[in-house]
Structure formats: structure tokens, C-alpha cells
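Novice: This is the structure, below, for whatever I ask next.
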Amino acid sequence: MKILTPIKRVLDYNLKVRVRPDSSGVDLTNLKMSMNPFDEIAVEEAVRLKEKGIATEIVAVSIGPEQAQETLRTALAMGADRGILIKVDHDVEPLAVAKLLKAVIAAEAPELVFLGKQAIDDDCNQTGQMLAALLDWPQATFAYRVTVEGRQAVVVREVDGGLMSVAVDLPAIITVDLRLNEPRYASLPNIMKARKKPIDMKAPGDYGVDVAPRLKVLKVAEPPKRAGGVKVKTTAELVDKLKNEAGVL
Ligand code: AMP
């Protein structure tokens with residue numbers, strides 16, 4: 001079974017987001033970029049299925065700038081077999097990503113596609129769902145546990161206040177949630193080995209997909225700064241402030 005893992009290069013999740021002075025977007029200058037954390041979980045799950053002898057090949061694909069090769073190398077060091085970089089130098093919206101992935105899937109014929117449930121930069125949570133719709137494949141989103149049994153995957157999903165189990169026929173799209181697994185750190189020998197694994201360089205035109213943005217960002221703003229706290233001397237003073245200043249009582 002071949003598994004496809006689309007991975008996005010995003011601002012490292014440990015860093016504080018800075019908005020550009022002209023409010024046109026997030027300032028990424030000289031900042032560390034990493035694999036979207038949910039995509040690490042997706043790659044880990046694919047690698048575990050390979051270790052169990054269920055998957056035979058894992059192909060990682062990224063749509064992004066030249067530097068997304070580094071992100072692909074991380075996936076290769078974790079255990080993916082080869083990579084595909086579709087080089088685009090601007091942000092690509094989920095629908096265009098889904099169209100490109102559909103074309104990659106037509107060429108690669110994977111039976112499972114593991115995506116992150118969302119990319120932490122745009123928080124869209126759209127690509128997996130759009131891809132399933134374009135392919136007319138079954139989808140299981142927010143996976144908490146995945147078991148592949150023959151021609152089916154049983155997916156336990158995280159839903160509000162509990163878990164839901166669904167079975168999907170393969171081929172299928174699965175988007176992964178935070179608690180599915182804990183991704184491994186690539187070992188040094190595996191990082192060295194990953195350098196020799198192939199990465200195919202492609203362009204959107206190779207797949208006949210128009211990646212021009214359909215949305216116009218009007219403004220990006222930081223959340224309002226939190227005001228400092230105050231100490232009150234008595235409960236009466238607290239109640240008064242809650243009533244008359246905060247207006248919550
Ligand atoms: P989103 O819908 O943007 O929140 O992204 C959901 C998931 O789609 C991500 O976790 C990735 O698995 C995949 N994805 C989104 N954008 C890209 C991209 N540029 N390259 C590869 N995969 C992507």
C-alpha cells in the first residue's frame with residue numbers, strides 16, 4: 001500500500017508571530033520554518049504503518065518555496081521514501097493545494113492520504129476535506145486512532161465531548177489530530193540517509209493547475225494586548241469592579 005503525506009512548511013510553532021508593519025501579513029524574515037506539527041503526526045502514522053508491514057511506500061509532497069525541500073528532508077529522515085516538491089513562491093490557498101494533490105494522486109495512485117487536520121499558519125482546516133470532495137473519496141477527519149483492516153480503515157475521530165468511530169473504504173483521505181501519536185525525532189543516521197533519498201522537483205504547470213489566489217487579504221492584525229492585572233483589597237471592591245468596570249455581573 002502506498003501512502004501520500006502532504007506536508008506544509010510553516011513558521012515554527014515555538015516562535016511568536018509578528019505582523020508586518022503594513023498589516024499585509026505575517027513577517028517571516030529570518031525566522032525558523034518547520035514542518036506543520038499536524039503533518040509530522042501524519043508522517044509518523046504513515047511510518048508506523050510501514051513498520052507494521054501494512055504500507056510499502058510513503059511519498060511526502062509539499063507545495064511551497066525551494067526551502068520546502070528541507071521540510072521534505074525531515075519527512076524523509078523520519079521514514080518517508082521519497083519526496084515531491086511543487087515549487088510555488090507565494091501562499092497557495094487550500095483549494096489550489098487540493099487540486100494539485102488531486103493531480104499528484106492521479107499520477108501516484110496512493111491508497112491512503114494522511115494530511116494534518118490544519119496548517120498552523122492559516123488555520124484553514126480545509127485541504128483534506130476539499131481533496132476528498134474533488135476525488136469523491138471517503139474522508140475521516142480529526143483522527144485519534146487509525147487501524148487498517150484489509151480494504152478498510154477504521155478511524156476513531158475526536159469530536160466535541162468524545163470519540164466517534166468510522167470505517168472508510170480505501171482509497172481514503174484521513175486528516176490527523178494532535179493525540180494520534182507522538183512523532184519521532186529523526187536519528188542522525190536517518191538524517192544522513194535522507195540526503196540520498198530522491199525529491200522530484202515540479203511546478204504547478206506540470207499538473208495544469210492554476211494556483212492564482214482567489215482571496216484578497218484585507219488586513220492582518222495582532223490580538224489586542226492584554227492589560228495588566230490589578231490587586232484589590234476587599235471582596236466588596238472586587239464585586240464593585242466586576243459590576244461597574246468589567247460589566248460582567
Ligand atoms: P489547511 O487546510 O491549510 O489548514 O491544511 C491542512 C493540511 O493540508 C495540512 O496539514 C497539510 O497536510 C496539507 N497542506 C496544506 N497546505 C499544504 C502545502 N502548501 N503543501 C503540502 N501540504 C499542504
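Since every read-out is calculated from the coordinates, none of them should be taken as a lab result. In this text the structure is predicted, and so the values were computed from the model without any measurement. Glycine gets a Cβ as well: all are built from the backbone with ideal geometry, and neighbour counts include every protein chain shown.
Novice: Using DSSP H assignments, which helices in the chain have an axial alpha-carbon span of 18 Å or above and a mean Kyte-Doolittle hydropathy of -0.5 or higher?
Specialist: Membrane-span-like by this criterion, though nothing is claimed about a membrane: 37-51, 94-108.
Novice: If you don't mind, there's one more thing I want to ask. How would the range 22-161 be classified by its alpha-carbon gyration tensor: rounded, prolate or oblate, with rounded meaning a/c under 1.5 and the a/b versus b/c comparison settling the rest?
Specialist: Prolate, since a/c reaches 1.5 and a/b exceeds b/c.
Novice: Just want the ordering: MET35, MET192, from fewest to most Cβ atoms lying within 10 Å of their own Cβ.
Specialist: With the fewest neighbours first, MET35, MET192 line up as MET192, MET35.
Novice: Still on this structure: Please list the radius of gyration and Dmax for the chain, considering alpha-carbon atoms only, with Å as the unit.
Specialist: 21.3, 70
Novice: Using the Cα gyration tensor of the range 173-235, with a ≥ b ≥ c the square roots of its eigenvalues, what is the shape: rounded (a/c below 1.5), prolate (a/b larger than b/c) or oblate (neither)?
Specialist: Oblate.
Novice: What GluC sites (Glu not before Pro) in the range 25-81 are in a loop by DSSP, with at most 13 other Cβ atoms within 10 Å of the Cβ?
Specialist: GLU66
Novice: Let me have the 222 nm mean residue ellipticity of the chain computed from DSSP H runs of 4+ only, each contributing -39500 (n - 2.57), with the sum over all residues rounded to the nearest 500.
Specialist: Calculated mean residue ellipticity at 222 nm is -8000 deg cm²/dmol.
Novice: Calculate the dipole size of the chain relative to its Cα centre from +1 charges on Lys and Arg beta carbons and -1 charges on Asp and Glu beta carbons; express the result in debye to the nearest 20.
Specialist: Dipole size: approximately 580 debye.
Novice: Based on the Kirkwood radius over alpha-carbon pairs, what is the Stokes-Einstein translational diffusion coefficient of the range 119-200 at 4 °C with 1.567 mPa s viscosity, in µm²/s?
Specialist: 87 µm²/s
Novice: Sticking with this one: Using a Förster distance of 45 Å, how high is the FRET efficiency between GLU222 and ALA106, based on the Cβ-Cβ distance and rounded to 0.05?
Specialist: 0.60
Novice: Something else: Which entries of LYS87/LYS219; LYS219/LYS241; LYS50/LYS99; LYS87/LYS196; LYS197/LYS219; LYS117/LYS219 have Cα-Cα distances beyond 30 Å here?
Specialist: LYS219/LYS241; LYS197/LYS219
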